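The values are calculated or read from the model by the stated rules, or taken from the named source; none is laboratory data. All of these numbers come straight from a predicted model, not from anything done at the bench. Positions of Cβ are backbone-derived with ideal geometry, glycine not excepted, and every protein chain shown enters the neighbour counts.
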Amino acid sequence: MNYMQVIDKAGTNFNYVIAVTLFIIGLYTVVAKDNLIKKFMGLNIMETACFLLYISMGAVKGGKAPIWTEGLKKSTVFVNPIPQALILTGIVVAVSTTALALSLMIKIYEHCETLDAEKLKRLETE
Amino acid sequence: MNITHHFPILLDMVPIAAACTMLIIGKFRREWCYYWALFAISICTVMSAGLVWEVYKTGPISYVVGSWERWFGIEIYFDHISACTLLISGLGLLIIIFSKHYIAKEIDERKIPVYYSLILLNLAGMLGFVITGDLFNLFVMMEILSLSGYALVAIGEERIAQLAAFKYLVLGAVSSLSILMAIGFLYSITGSLNMHEIALYLPRAKDHIPVAIAAFALFIMGFSVKAALFPLHIWLPDAHSIAPSPVSALLSGLVVKIGICGLLRLLFIYRYVGGLINVEPVLNIIAWLAAITIVMGAFFAVFQDDIKMMLAYSTVSNIGYIFLGLCLVQSNALIGGIVHIFNHAIIKVLLFLCAGAIIYQTGCRRLSDLHGVGRKMPITMACMSIGVLSIVGIPPTNGFICKWFIAIGAMDAKKPLFAAALLFGALFIFAYYIKILNAAYFKKPRAEFEKRDEAPMTMLVPIVLLAIACLALGVGAYFPLAFIKPAAKSLLSTAIR
């Protein structure tokens, strides 16, 4: 496969490319940033990347919401509702992770009075 | 309709319902929480015993939630791997029995309902994880057990408990998200979330094999963080040693095994892709990492003075044994690996509960402070010695069987280096556990340990029962082997080849 084909494929599947890019940006943020809040923002970016992947997967061009109403034609196309249902669950999980992490950070700040990973590491070994 | 038909879903719903009502009960009578948790988990134990017996007699059970068509709804598939439910609910029962006095002393009184609620949620997550046949449901259950696990680590009063919990949370969340991403990949190429259906459809998605490989890699990464495989184990020692002892027992004995059950499920999903994807090199790499894990975990454990830290590193080492057994692609090793999931769970819960009882009675957790504790708490220390002998793998105990099988498997697979790593690890393990026995029995006892002063009954009963189980499963090793063999055979015949 030459690089033109690669670009072509990436163009037709750009939603996947964006999802994976976001995922990697998030992972980089988690690994490289020292501030715990920034680390956690990285996790939130990764979560968003996953949600984007699922939602764009279920999208259909010109698709309608899959709700049965009077007067629907046989030719009507629907979007796939399953990824949306899954991601609703996924958002609930993400919200609870965020809540737990933020409350842990408050506790850490109360105890150690810093949110810098390097300083915390030094405090931990003391 | 017969109620036994609905056992698979009730097995998961009973602890969740009990966990949700726990906080209301805690508002009125705090001391009832303990009995409420005990009641819920006893019901689970009975139900899972019934289900395991049925699987043993008639084979896997399929149950569809909400009577949707099998492929549309969420399927619960209770097979030989799901037999872990009996282990989870049984050990959960013992851990909750143990908690009564320990928790009253260790954590703030107002947190007690929350504690029991989280323990039940964690157990419910694990039960759901091993019985589900739906990939997204697997993710949800994994999140339930991980989130409650992070909160349980942070519940203790130790100074850096929150920091350890945060470290655990960040790594755990990254692994969960990579698994979510992998599930998305598989869904995008097969259009299904049911594990059986994905297994059937994967070979047909010939044009999208790279996607399947990417999903495989993400799954492996996610599950090896959850199971603390080297080099992704760094969260484990802190989290497991800082949590209150019953929580350490739960996390170390059961929660890390969830990653391994996930790996087994993954092999199950990819079992028909032989010829399209060659997974053997990947398994080879994992086997090497597992060998490093064994030696390194045992090596670090030797230098610990804190008894719980030592046990936590020993968990890392033993996880290596299990991974090695699973990834050698050889039937004896596979059987050894799966049996070690069960045996290590029992032994590690025993050891952590013993450590908890010692910390409860004496207030010290450093080995150098525990000289002669065998005189103060003879029953606890006797049981701990049985646990120590089992984890080293001395013949009449249950730890021997699995290591024997894994070593034989390594020799049969013509990979003697792995067998050498295994023996080397066992030697280190022996070295550091001897330190415990030495400190407890052969050092000059401290003055306050001269008088006999045992732990309360609620602690002794689970400890003694677990010690008996260690010996019984070593002598009667035939029963777990007879149960595991068909599962291992079926996995091996279709999975990796």
Any residue at all in region B:430-442 that's part of a helix (DSSP H, G or I), within 19 Å of B:Ala469 (Cα to Cα) and touching a helix residue (DSSP H, G or I) at 6+ places or on another chain (Cβ under 7 Å)? no
Residues of region A:83-126 that turn out to be within 30 Å of B:Thr190 (Cβ to Cβ), more than 9 Å from every other protein chain (Cβ to nearest Cβ) and either in contact with a Gly (Cβ under 7 Å, 6 or more places away or on another chain) or outside any helix (DSSP H, G or I) (or both), as a count: 1
Among A:Lys61, A:Lys107, which is of a type outside the set (A, V, I, L, M, F, W, C), more than 18 Å from A:Asp34 (Cβ to Cβ) and surrounded by 14 or more Cβ atoms within 10 Å (Cβ to Cβ)? A:Lys107
Just one listed residue, out of B:Ile209, B:Ile220, is touching a Leu at 6+ places or on another chain (Cβ under 6 Å), hydrophobic (A, V, I, L, M, F, W, C), away from every other protein chain (no Cβ under 11 Å) and surrounded by fewer than 24 Cβ atoms within 10 Å (Cβ to Cβ), and it is B:Ile209
Residue check: is B:Leu118 touching a Cys at 6+ places or on another chain (Cβ under 7 Å), within 14 Å of chain A (Cβ to nearest Cβ) and either at pLDDT 90 or above or not in a helix (DSSP H, G or I) (or both)? no
Any residue that is more than 8 Å from chain B (Cβ to nearest Cβ), free of Cβ contacts under 8 Å to residues at least 60 places away in the same chain, more than 27 Å from B:Gly73 (Cα to Cα) and aliphatic (A, V, I, L, M) - is there at least one of those in region A:53-76? no
Within region A:77-97, how many residues turn out to be free of Cβ contacts under 8 Å to residues at least 12 places away in the same chain and surrounded by fewer than 19 Cβ atoms within 10 Å (Cβ to Cβ)? 6
Would you check which residues across region B:289-339 are hydroxyl-bearing (Ser, Thr, Tyr) and modelled with pLDDT of 85 or more and list them? B:Thr293, B:Tyr313, B:Ser314, B:Thr315, B:Ser317, B:Tyr321
Please give the number of the condition A:Lys33 fails out of (1) under 18 Å from B:Met181 (Cα atoms); (2) within 13 Å of chain B (Cβ to nearest Cβ). (1)
Hey, among B:Ser89, B:Ser48, B:Ser62, which residue is modelled with pLDDT under 85 and closer than 22 Å to B:Cys261 by Cβ? B:Ser62
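Conditions tested, residue by residue: (1) at pLDDT 85 or above; (2) more than 23 Å from the chain's Cα centre (by Cα); (3) among the small types (Gly, Ala, Ser).
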site: B:Ile347; (1), (2), (3): yes, no, no
site: B:Leu353; (1), (2), (3): yes, no, no
site: B:Ala357; (1), (2), (3): yes, no, yes
site: B:Arg365; (1), (2), (3): no, yes, no
site: B:Gly372; (1), (2), (3): no, yes, yes
site: B:Lys376; (1), (2), (3): no, yes, no
site: B:Cys383; (1), (2), (3): yes, no, no
Filter region A:36-52 down to the residues that are of a type in the set (A, V, I, L, M), more than 19 Å from A:Ser103 (Cα to Cα) and within 7 Å of another protein chain (Cβ to nearest Cβ) and list them by number. A:Met46
What are the residues in region B:140-172 that are at the interface with chain A (Cβ under 10 Å from one of its Cβ atoms) and β-branched (Val, Ile, Thr), if any? B:Val140, B:Ile144, B:Val153, B:Ile160, B:Val170
For B:Lys111, which of the numbered conditions (1) crowded, with 24+ Cβ neighbours inside 10 Å; (2) more than 12 Å from chain A (Cβ to nearest Cβ) fails to hold? (1)
In region B:191-202, anything more than 10 Å from chain A (Cβ to nearest Cβ) and surrounded by fewer than 22 Cβ atoms within 10 Å (Cβ to Cβ) is listed as B:Met195, B:His196, B:Glu197, B:Ala199, B:Leu200, B:Tyr201
How many residues are facing chain A (nearest Cβ under 9 Å) and either closer than 29 Å to A:Glu124 by Cα or out of contact with any helix residue (DSSP H, G or I) (no Cβ under 9 Å at 6 or more places or on another chain) (or both) if we restrict to region B:173-184? 5
